Amino acid sequence: MSYRHLTTRRDGAVERLTLNRPDVRNAFNEHVIAELTDWAAETRAAAARHDIRAVVIAGAGKVFCAGADVTWMSKTVHYTEEENLRDAMAMSRMFAAINELPVAVIGRIQGAALGGGAGLAAVCDIVVADEAALFGFTETKLGILPAVISPFALAKIGPSSARRYFLTGERFDTATALRIGLVHEVAGDLDEAIERVVGELLLAGPQAARWAKRLVRERPDGPETARWIAERRTSEEGQEGLRAFLEKRPPGWRS
């Protein structure tokens, strides 16, 4: 599928998506939201066919994503509450669709990830950022709320950090983003760091990585976790991985 505001490239088992509106710092509008939702559905289908094992999300130009497009925001000023609800629900579905992708999603953050851009970082499983990037849940500075992104951001940074950064709407640096858990790694060379992370993911068992993502999202209780590991140990992939370890050879999925 071709998109107007996104570019995509399949690189072996890796899907690479780029937000492609550098003239407006890759900001969201209703069209970007619709395209990202469609892309997530297509990517989920590809993952179900086992065509992909990882996703990298990047932004064209100097900024990853600056949040909401000013032109789009100017239209929403005149929306009724019902129209705003429809708009917000579309954005909520987009974030949920990306968050629920069964394969690892890696965020490549340069320049800034503000408002909805910080929300997009929050739905990434692994976030690598440059040293100079800025972050912020900046909605309160506009008299609104980071409501739609809050379930995903809270899962990433926890309620203590959210109490500060949701309320103040202040911008914060990469070191702070790393400390609160929004970012996992700070890199001088983003592409080199991303490829290293992708390489680590491709060394993991394809199904094991998917189950590990489910483990984080669903947080099963003790007895359920025992069932999960028992299933994986007796699965074809689990048997291959354990036998390869014992026989001191690479598992079949690396060949």
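Report, by residue number, each residue of the range 29-65 that is assigned to a helix (DSSP H, G or I), within 22 Å of V128 (Cα to Cα) and touching a helix residue (DSSP H, G or I) at 6+ places or on another chain (Cβ under 7 Å).
Within the range 29-65, L36, A40 qualify.
Looking at A129, A162 in this structure, which one is modelled with pLDDT of 95 or more, touching a strand residue (DSSP E or B) at 6+ places or on another chain (Cβ under 9 Å) and in the same structural domain as V56 (by TED's automatic domain parsing)? Walk me through how you get there before you give the answer.
Numbers: A162 fails: touching a strand residue (DSSP E or B) at 6+ places or on another chain (Cβ under 9 Å).
The conditions single out A129.
Go through the range 171-191 and report how many residues are in a helix (DSSP H, G or I) and loosely packed, with under 15 Cβ neighbours inside 10 Å.
Number of matching residues: 3.
Under 6 Å by Cβ, and 6 or more places apart or on different chains, what pairs join a residue from the range 228-244 that is over 15 Å from R210 (Cα atoms) with one that is assigned to a helix (DSSP H, G or I) and of a type outside the set (F, W, Y)?
E240/G252
So which strands (runs of 3 or more DSSP E) stay within the range 66-153 end to end and still have 2 or more residues that are in contact (Cβ under 8 Å) with a residue 60 or more places away in the chain and surrounded by 15 or more Cβ atoms within 10 Å (Cβ to Cβ)?
Working: elements: 104-109, 112-114, 126-130, 134-136.
Because the criterion is at least 2 residues that are in contact (Cβ under 8 Å) with a residue 60 or more places away in the chain and surrounded by 15 or more Cβ atoms within 10 Å (Cβ to Cβ), the strands (runs of 3 or more DSSP E) in the range 66-153 that meet it are 104-109, 126-130.
For A34, are the conditions met, namely being within 15 Å of the chain's Cα centre (by Cα), of a type in the set (A, V, I, L, M, F, W, C), modelled with pLDDT of 95 or more and in the same structural domain as E100 (by TED's automatic domain parsing)? Before you say what the answer is, go through the steps one by one.
On the way: within 15 Å of the chain's Cα centre (by Cα): no; of a type in the set (A, V, I, L, M, F, W, C): yes; modelled with pLDDT of 95 or more: yes; in the same structural domain as E100 (by TED's automatic domain parsing): yes.
So A34 does not fit the description; no.
Could you please let me know if A54 is under 26 Å from E200 (Cα atoms) and modelled with pLDDT under 95? Walk me through how you get there before you give the answer.
Numbers: under 26 Å from E200 (Cα atoms): yes; modelled with pLDDT under 95: no.
So A54 does not fit the description; no.
Give R210, R196, R219 a once-over and let me know the one that is free of Cβ contacts under 8 Å to residues at least 24 places away in the same chain and within 20 Å of G12 (Cα to Cα). I'd like the intermediate steps shown before the answer.
Values: R210 fails: free of Cβ contacts under 8 Å to residues at least 24 places away in the same chain; R219 fails: within 20 Å of G12 (Cα to Cα).
Answer to the selection: R196.
Taking the stated definitions as given, is R243 modelled with pLDDT of 95 or more, farther than 19 Å from D125 by Cβ and within 29 Å of the chain's Cα centre (by Cα)? Break it down into steps so the answer makes sense when it comes.
Working: modelled with pLDDT of 95 or more: yes; farther than 19 Å from D125 by Cβ: yes; within 29 Å of the chain's Cα centre (by Cα): no.
The answer is no for R243.
Could you figure out which of (1) of a type in the set (K, R); (2) in contact with a strand residue (DSSP E or B) (Cβ under 6 Å, 6 or more places away or on another chain); (3) within 19 Å of T138 (Cα to Cα) isn't true of R16?
(3)
If the requirement is being within 25 Å of R53 (Cβ to Cβ) and out of contact with any His (no Cβ under 8 Å at 6 or more places or on another chain), which of these qualifies: R179, R210? Explain how you work it out, then say what you get.
Working: R179 fails: within 25 Å of R53 (Cβ to Cβ).
Only one candidate qualifies: R210.
Please go through (1) of a type in the set (D, E); (2) surrounded by fewer than 17 Cβ atoms within 10 Å (Cβ to Cβ); (3) more than 22 Å from L134 (Cα to Cα) for E15 and return the number of the only condition it doesn't satisfy.
(2)
Going by the conditions given, is T7 over 24 Å from P146 (Cα atoms) and part of a helix (DSSP H, G or I)? Break it down stepwise before answering.
Details: over 24 Å from P146 (Cα atoms): yes; part of a helix (DSSP H, G or I): no.
In short, no.
Every residue, every condition in (1) at negative phi; (2) aliphatic (A, V, I, L, M); (3) surrounded by 17 or more Cβ atoms within 10 Å (Cβ to Cβ), yes or no:
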position	(1), (2), (3)
A193	yes, yes, yes
A204	yes, yes, yes
D221	yes, no, no
S235	yes, no, no
A244	yes, yes, no
R249	yes, no, no
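The values are calculated or read from the model by the stated rules, or taken from the named source; none is laboratory data. Just so you know, these numbers come straight off a predicted model, no measurement behind them. Using ideal geometry, Cβ is built from the backbone for each residue, glycine included, and neighbour counts are taken over all protein chains shown.
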